[in-house]
1. In straight Cα distance, which lysines are under 17 Å from Lys166, not counting same-chain residues fewer than 8 positions off?
2. Please give every one of the lysines within straight-line cross-link reach of Lys356, meaning a C-alpha to C-alpha distance under 26 Å, and leave out same-chain neighbours fewer than 8 residues apart.
3. Suppose each label sits 7 Å from its Cα in the direction of the beta carbon; what would the Gln466-Ala441 distance come out to in nanometres?
4. Can you show me the helix-derived [θ] at 222 nm for the chain, built from DSSP H runs with n ≥ 4 at -39,500 (n - 2.57) apiece and divided by the number of residues, rounded to the nearest 500.
5. Of the listed values [x] 0.98; [y] 1.02; [z] 0.93, grab the one calculated as Rg/Rh (Cα atoms, Kirkwood Rh) from the structure here.
6. Return, in residue-number order, each cysteine of the chain whose C-beta is not under 4.7 Å from any other cysteine's C-beta.
7. Can you give the local net charge around His438? Use residues other than it whose beta-carbon is closer than 14 angstrom to its beta-carbon, Lys and Arg +1, Asp and Glu -1.
8. Estimate the FRET efficiency between Asp428 and Asp235 by the formula 1/(1 + (r/R0)^6), using the beta-carbon distance for r and 41 Å for R0, to the nearest 0.05.
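Bear in mind these aren't lab numbers, they're just calculated from the coordinates by the rules spelled out. These figures come from a predicted structure and were not determined experimentally. Because the Cβ atoms are built from the backbone with ideal geometry, glycine has one as well, and the counts that use them run over all protein chains shown.
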Amino acid sequence: MNDLTPGGIVLTTLNARYRHAALGLRCLQANLGEWVARSKIMEFDIHHRVLDIAEAILQERPAIVGIGVYIWNLEPVTHLLGLLKALSPETIIVLGGPEAGHAPVDASWHTAADVIITGEGEVAFRNLCREIYTQGLPSQKRIVAPAVDLTQMVLPYFLYNEDDLKHRFTYVEASRGCPFGCAFCLSADDAPLRKIPTTLFLAAMEDLLKRGARQFKFVDRTFNLHTGTATAILDFFLQRMFPGLFVHFEMIPDRLPQPLRDRLMVFPQGSIQLEIGLQTFDTPTQRRIQRSQDNAAAECNLTWLRTNTQVHLHTDLVFGLPGESFASMGEGFDRLLRLQPHEIQVGILKRLHGSKLARQEPSQGTIYNPLPPYDILASAEVNFATMQRLRRFARYWDLIGNSGRFPGFIDWLRAQPFPFNYFLQLGDWIFATTGQTHQIALPRLFQLVHRSLVQALRLDPVEARQVLEKDWLASGHGDRHTRLGEG
């Protein structure tokens, strides 16, 4: 919708960055029924000035503003709520999304909203708009929405416009829900796994391809749970594969049946990425967080994928899980590193509102950040100073290990007896030397890694240069006359 009827509905959120597109807003608008003509999607990102966002929204003179709230945008959304209520108190503010749906009732932004929807909002929001327009604001502030019947839902993909398809990831979903009950994850309380009819879904994907979509990101939590559906979707993209087409899936690490292997072997390099959440290899920790995972099968599957396919493997670990020791976290990192995934995303545990973890009383000595992202600050196993070291480890690993710029260094690190300890020392030295974890230019980063190998890890300067020389030259910043450690 390009023009909004005065007194209409604005659906908005602040994305983490421009390349992201809000699938949730499009699902809401597609299912507004008789109210869709009154609605308009207005997307921003967290880099926009909140005052400018408020101005743009209020220029539409909406009766209802629906806002998607997440941990990454809570602070600017809180500011936005205050501005909208001060400037246009008659505008009805409806909050949805995971952060809003599970908000503590004493949160300032909870108080500022008129209505909060918990759960899947497509039907609940449509019914709320009908009630507001026909009867006025309901007395009930919090609406608990039941799971949506996906066979009856209007698919939202026609709402991606040409600019979205050209410049943004196209977020899609073939299913909702998660069969697992991990204590730290909001998906643990989702309704049982439900699928969108495969024929209907693939017809929508066909339309997206014809309209120019090239970057597909599936938001399904367990893409590979149902083999038949997964193979049908993989076959669909394989049959239409062309240079530039990219598809991203999240998958369970310990389930890789033969029909999926047969298809994954065929995808060309750069066309598919699998996000694989290992989280931890520590069996007692897995029991504490109610996570079911066959570690041996997961390792076997990762090894097979790395050896037999050209799939890009993005893996996840979480540091700070309840009861897990510092040593166990390091052992888990080393174990995963030796499986040679292309990326290891190291996250710090978050106590998300609505998760089982948030409903449990923190164990003695455990302290969480009271502000987003609600990350763990200290525990009985890992004190605050050590947790800070782990945060820096995660950041420097992103800059060095996940950047793709240091393959020779990573091969060297993987061959060491305790890679985690080596990289931790490297990160400690870089932070002590620079005080920085961000905005480090690549040439300087190479010099810092070289110096840390010599000064923190006690390598001979010539050996340290040999570890990094090929990476340095391949980066385009070095040449045979400008060597590491010089200039």
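1. The reachable lysines, counting only those whose Cα sits under 17 Å from Lys166, are Lys210, Lys217.
2. Of all the lysines, those that pass the test against Lys356 - Cα under 26 Å, at least 8 places apart if same chain - are Lys141, Lys195.
3. 3.1 nm
4. The helix contribution divided over the chain gives -12000 deg cm²/dmol.
5. [x]
6. Unpaired cysteines in the chain: Cys27, Cys129, Cys178, Cys300.
7. Summing Lys/Arg as +1 and Asp/Glu as -1 gives +3.
8. On the way: r = 49 Å, r/R0 = 1.19.
It comes to 0.25.
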